[in-house]
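The values are calculated or read from the model by the stated rules, or taken from the named source; none is laboratory data. Predicted model, so just to flag it, every value in this text is computed and none were measured. Cβ sites come from the backbone with ideal geometry, for glycine too, and all protein chains shown count toward neighbours. Protein only, heavy atoms only, side chains kept; ligands, DNA and RNA dropped before computing areas. Shrake-Rupley method; radii C 1.70, N 1.55, O 1.52, S 1.80 Å.
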Amino acid sequence: MKIICVILLLLIFLGCKKNLIEKEMNLMNEMNFVPSKSIKIKNLLPFKNDHVCIGTYILKNDSIISQYEIESKYSLMVIKLKNVSKNCTFNNHKSTNYPTPGYFSTINEGLYEVNLSPEIFKDDYKINSIDIFSDNEINYQVNNDTIKSFDLNFSKYVIKINNQDAKVIFSKIEYYGLKKLNANIVIYQIEDEAYIFIMTPLKKSILMDKNKLHEHLFGDNSPK
């Protein structure tokens with residue numbers, strides 16, 4: 001009898017896990033790429049300087065990720081998060097110990113790749129915290145309730161939503177022989193939405209100023 005109960009429990013667990021995997025895979029499969037289309041962001045677009053929109057990933061008629069080429073030198077990715085609390089907290093941690101379980105959509109950014117959990121795009125929960133884990137410390141240029149602007153020299157980093165291991169964005173270098181990559185990152189919150197901007201060089205030989213992304217987005221009229 002005990003063996004039968006154990007088998008039944010195992011079958012139930014595997015069935016639930018299969019359903020969860022199928023739901024996540026369906027969400028990933030619904031994400032479609034539309035060339036030249038870009039996310040519309042209040043008070044920001046069009047950008048201040050020269051840019052080319054490569055295209056946008058659409059999920060259920062909502063633009064969630066856009067990719068740009070800036071000044072023929074830099075790659076820029078924009079990720080939109082919805083249902084963000086007005087009191088959402090941002091924390092950063094210097095750590096190499098961060099789990100990245102689950103299933104991801106992978107976007108190639110040339111020198112590195114970005115992996116996104118489909119869970120972060122769901123509308124049925126409020127985002128109360130955003131944590132970034134990286135192997136090097138971040139360096140703030142702006143840090144207020146609306147804008148978090150910083151540069152990061154990384155080999156891998158993880159952005160965790162609501163401190164849940166299954167709700168993460170993580171990036172790692174894929175270019176052979178490249179150990180570290182410099183990135184400018186801005187988290188811009190307006191109303192109940194937050195936008196994560198990630199700018200990196202298109203080639204490993206290109207240098208990037210630590211304020212490049214902030215200046216590109218906001219020019220001289222940026223809130224400090």
Convex hull volume per residue in cubic angstrom - Cα atoms of the range 135-175: 98 Å³
Size of the range 146-224 as Cα extents on the principal axes (Å, biggest first): 41, 36, 15
Unsatisfied cross-links (Cα-Cα over 27 Å) in the set Lys42/Lys94; Lys60/Lys179; Lys172/Lys212; Lys148/Lys204: Lys42/Lys94; Lys60/Lys179
Per residue value of the accessible surface for the range 91-188 (all protein chains in place, 1.4 Å probe), Å²: 44 Å²
Kirkwood Rh and Cα Rg combined as Rg/Rh, the range 57-120: 0.99
Net charge of Cβ neighbours under 12 Å - reference Ser72; Lys, Arg +1; Asp, Glu -1: -1
